[in-house]
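Worksheet: the structure to be examined is printed underneath.
The values are calculated or read from the model by the stated rules, or taken from the named source; none is laboratory data. Remember, it's a predicted structure, so these values are computed and weren't measured experimentally. Here the Cβ positions follow ideal geometry from the backbone for every residue, glycine too, while neighbour counts run over all protein chains shown. The area values use the complete protein model at the heavy-atom level, side chains included, leaving out ligands, DNA and RNA. Shrake-Rupley method; radii C 1.70, N 1.55, O 1.52, S 1.80 Å.
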Amino acid sequence: MQLSRDQLKLSRAAARKGNHAAAAQLLAHSVALGHGRLSVRRFMIARGLQAPDIETHRAYCSQAAAKMPLEELLATARAVADCLPNNEGAYTMAVDILPSFKPYILPFDSIEPSFATEHRLCGRGCCVLGKVEIGTRPLLATNAVIRADGHYVRIGDSFFLGENATVHIAHDIYPTHIGHRVTVGPNAVVHACDVGDDCVIEADAVILDGSKVESGVVIERGSVVFPRSTLATGYVYAGVPAKPVRAISPEEREARAAQLREEIARSILVGEEADANSSGLPADVFIAKTARLSGTIEMESGASIFFGCQLDAGAFAIHIGRNVNIQDNTRIHCMAGDFTIGANSTIGHNAGLRDCRIGERSLIGIGCTVSSGTVVGDDVLLAAGAVTEHGQHLEGGWIWAGRPARPLARLDEAKREMMSGIIGHYSNYAEAYGQAQSRLEQQLQGASNGTTASSPYRASR
């Protein structure tokens, strides 16, 4: 579609006043003439004005955007953002128009993840696994993990999930429901809970099993929502456990969401590719495709490392005992010595551990930080979000909690059975995902010989 000089003049004037039909006309005109950079700018404007029928031009504009230097693309996005009301931000617009990485996708119980729309905004190493349903226009940052195996995850439209953040369920006990326009920051965990519309969950926050977060809630950085809590609408929550600190207006909440969404979008442009190294390990261990291993890693039979994990032994070694499971987006870094964890122990999602020693049959909870030199005895439960001190000794047979961690109560038989049960669940998960990964690798091998479809996990930029 090409416009005359007079038509161009009228369309420009109308677009400046917010006329979405005029913006769509200008976009079509630029694409027809092959004006790549101008098409990129006009696509951003038309999309910002919610112009209809612009997706037919996405492929051309994406190719043109991919040829632009990143700084030029961001400068274009900033200029467009400045002239649009209620804009999404420069990084979000830039990520939207660039060709997207595809998430790593695996089924569970023969159920594939379901996406409401084909176009997905994804960073390197992000993955969507099992019984997941996602609405329109999600943005999943680098190494973000959504995993639904024992139960399902259902997510609404316009969901943003930050770098190294995790969404999961509680076996067959609790699913996860997330509403529309929810923003989850880097390294946060949404676990087996209900989250309403228009919520903001900031970096390093943790929501635990059976909790209900009503619509319009902000959970501040590093907060922990204890199991089966209810967070009332319209408040900011903070602390461990998370408590209401003040009311928040919809305008302030949206401003905080927009700032966090920009941070998430930016991470997609700078993330690194995941690369697992599994040579020389027992045949029955499981290492997720998107885990990243570096240095000397020793794993005993039945051990598992799940999606998004980062293990870096540096100049030392990481020793992982029999049947140990290390859950999604956990980070283990050796700085001054070896890391060792004994048999039948669990490290929960998004934990951060340095060179330390963990005994047998222990559980390191979701979002914990275990400092260098810490010694965790046998049969220890370190509660979610707890932080140990350098060189601290956690006596066996106790529940430890807090920042810094302190003994809370003796470990009773019910807690011991719960901790033992996790080992069985994760053994089953590891076997299922190991088989699914093997099938996918076989399909990819067939694809390289021209016999089947292409990978769902590759960079398309």
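List the residues of region 51-71 whose backbone N lies under 20 Å from a point placed 7 Å from the Cα of Gln7 along the Cα-to-Cβ direction.
Answer for region 51-71: 51-58.
Give me the percent of Cα-Cα pairs in region 168-241 that sit more than 14 Å apart, rounded to a whole number. Mind showing how you got there, number by number?
Values: 1413 of 2701 pairs.
Counting pairs separated by more than 14 Å, the tail of P(r) holds 52 percent.
Given a 1.4 angstrom probe, I'd like the percentage of the accessible area of the chain that is carbon and sulfur, rounded to a whole number. Walk me through the intermediate numbers first.
Numbers: 9460 of 19320 Å².
Answer for the chain is 49 percent, counting heavy atoms of protein chains only.
Can you give the charge dipole size of the chain about its Cα centre, rounded to the nearest 20 debye, using +1 on the beta carbon of Lys and Arg and -1 on the beta carbon of Asp and Glu?
On the way: 44 positive and 49 negative charges, 341 e Å.
In debye, rounded to 20, the chain gives about 1640.
Hey, what's the chain come to in accessible area per residue, 1.4 Å probe, Å²?
On the way: 19320 Å² over 461 residues.
With the other protein chains kept in place, the chain gives 42 Å² per residue.
Per-residue HN-Hα couplings for region 164-170, Karplus 6.51 cos²θ - 1.76 cosθ + 1.60 at θ = phi - 60°, whole Hz, x for Gly and Pro?
Computed from phi, the couplings for region 164-170 are 6, 7, 9, 10, 8, 10, 10 Hz.
Restricting things to alpha carbons, tell me how big region 67-149 is in terms of Rg and Dmax, in Å.
15.2, 49
Tell me, Kirkwood radius of region 304-461 from alpha-carbon pair distances, in Å?
Numbers: mean 1/r = 0.0599 Å⁻¹.
Final number for the Kirkwood radius of region 304-461 is 16.7 Å.
Could you tell me what percent of the DSSP beta bridges with both partners in region 214-323 are antiparallel, to the nearest 5? Write out the running numbers ahead of the final one.
Working: 4 of 15 bridges.
Around 25 percent antiparallel, to the nearest 5.
Looking at the P(r) of region 128-280, how many percent of alpha-carbon pairs lie beyond 29 Å? Kindly include the intermediate steps, with their values, before the conclusion.
On the way: 1431 of 11628 pairs.
Counting pairs separated by more than 29 Å, the tail of P(r) holds 12 percent.
List nothing, just return the count: lysine pairs in the chain, 8 or more apart or interchain, with Cα separation under 30 Å.
12
Can you say what percent of the DSSP beta bridges in the chain, counting only those with both residues inside, are antiparallel? Round to 5. It would help to have the intermediate numbers written out before the result.
Details: 10 of 88 bridges.
Roughly 10 percent of the DSSP beta bridges within the chain come out antiparallel.
Based on the mean of other Cβ atoms within 10 Å per residue, sort peptides 211-221, 386-396, 409-419 so the most packed one is first.
On the way: 211-221: 20.7, 386-396: 17.1, 409-419: 12.3.
Averaged packing, sorted descending, gives the order 211-221, 386-396, 409-419.
Under the rule of at least 5 residues apart or a separate chain, name every residue whose amide H is placed under 5 Å from the amide H of Leu121.
Leu140
Once both labels are modelled 7 Å past Cα along the beta-carbon direction, what's the Ala32-Ala75 spacing in nm?
3.0
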